[in-house]
Amino acid sequence: MSPIRSASIAALASAVLATTLTGCQFGGEQQDISPIVIAADLELSGGSAPMGAVYQRALKLKVDQLNSSGALGGRKIELTVKDNRSDAAESLRNINDFANDSRVSAVIMGGCNDCAVGAARTIGEKRIPTIALASASAVTEPVADRKYVFSLAPNAGDSAAALTAELARKGLRRVAVLHSADQSGEEGLTALRREFGKAGIRLLRAEAVRPTDTDVSGQVSQLMAKKPQALVIWTPPEQASLAADSAHANHYPGSLFFDAAAAGDLFLGASAKSTEQATLIFTQTMVIDDVIATTPAKAARREWFQAYTARYGGYNGISSFAADAVQLIADAELRSGSAAGKVNRDTLRDVLETSQLDGLSGPIRMTPDNHSGLMPQALTTLVARGGRWRLAG
């Protein structure tokens, strides 16, 4: 981990916070009332539709909050959303449409790794700043080929390190892994192998599942046959729930550990019994109602949690990434100093590349060498108790 990635949260105390945006104008200059147009390419149908719906709700709520807060001065955010149907080719068409619209300042892409990676070249050629909510390292690496692409999601290395540390703390040395058969899952398995090697943890077996699989019992049985002390599940939420249910039905006596990719709803619903006492590595926003609001950032996270829950009747952990993406773009637009009504994407990109924010997801820091902004300190250990996620300890 680089020194930049390992910088303490305290070093971000002087970062630009969501609450510091102002609408002040200097001298007698005419107030800029031009809209800030943010486009979103989301998975609103197809296999990843549940995740896309969460992002869409979060974007709408965050935009409404900023527009009503007065933080943007006389400006308002306009949000335009297109469905990529969970398909990389459709996503690329959407990106081209957004890039060709001169009013669009920046783009937010959903959690589809293939979509973000597949569009990276076009994003660079069109020079349109883009924040993807996908986690694969290839979304932003190599940075030399991804100058206009940024990401906000827990990366595999940080997640694997936190998960391995918790396994070691509990003395669990014999582990099996269920992972998704995609770029995110393969990258996660590689990161886990690396971290297990450092910690002296033995990987007994690994099995893959497709993100669209509705039956994972075969793979879970293969893993259980090795009698692991812990079963690590590195899949999207739907497969994670299926895996937990299968392990429970077969009376698995060991511990369940979930990577951040498995994070979904705060309340576990039908899987509550299967996941009781399971461990999840994720950001504190999922359980912010358990946290005393001792800082402005924590207070903002609690307010976000309460606002999202009040509007939508529940809470989903990944919503904070979408909200932080809106905040980063709005902040960068105000700081870019563009002439009224003129979109300067190159300047906006430059500002994004040095953005610092104690965001709803946790500390975020972009640098010219690292476009994956969520810092490792954002991750914490959660445990399932009484049908919902709670802060461990």
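The values are calculated or read from the model by the stated rules, or taken from the named source; none is laboratory data. Since the model is a prediction, treat every value here as computed from it, not as a measurement. Don't worry about glycine lacking a Cβ; one is built from the backbone with ideal geometry, like all the others, and counts go over all protein chains shown. The area values use the complete protein model at the heavy-atom level, side chains included, leaving out ligands, DNA and RNA. Shrake-Rupley method; radii C 1.70, N 1.55, O 1.52, S 1.80 Å.
Could you check region 263-298 and list, in sequence order, the residues that are in contact with a helix residue (DSSP H, G or I) (Cβ under 9 Å, 6 or more places away or on another chain) and without any contact (Cβ under 8 Å) to a residue 24 or more places away in the chain?
Within region 263-298, I288, D289, I292, A293, K298 meet the criteria.
Please enumerate the residues belonging to region 47-106 that are assigned to a loop (DSSP other than H, G, I, E, B) and acidic (D, E).
Listed by number, the residues that qualify are D87, D101.
All but one of (1) under 22 Å from Q65 (Cβ atoms); (2) under 16 Å from the mean Cα position of the chain (by Cα) hold for E333; which doesn't?
(2)
Within region 54-89, how many residues are free of Cβ contacts under 8 Å to residues at least 12 places away in the same chain and crowded, with 19+ Cβ neighbours inside 10 Å?
Counting residues in region 54-89 that are free of Cβ contacts under 8 Å to residues at least 12 places away in the same chain and crowded, with 19+ Cβ neighbours inside 10 Å gives 0.
Step by step: first the residues of region 243-283, then only those that are open to solvent by 10 Å² or more (accessible area, probe 1.4 Å), of a type in the set (S, T, Y) and outside any helix (DSSP H, G or I), then the one that is nearest to V175 (Cα to Cα). Which residue is that?
For region 243-283, the residue satisfying everything is S255.
Condition first: open to solvent by less than 60 Å² (accessible area, probe 1.4 Å) and among the charged types (D, E, K, R). Now tell me which residues in region 173-232 satisfy that.
D182, E187, E195, E207, D213
Residues are listed down the side, and each one gets a yes or a no for (1) farther than 24 Å from S355 by Cα; (2) at pLDDT below 95; (3) out of contact with any His (no Cβ under 7 Å at 6 or more places or on another chain):
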| residue | (1), (2), (3) |
| --- | --- |
| A15 | no, yes, yes |
| A18 | no, yes, yes |
| L21 | no, yes, yes |
| A49 | yes, yes, yes |
| R57 | yes, no, yes |
| R75 | no, yes, yes |
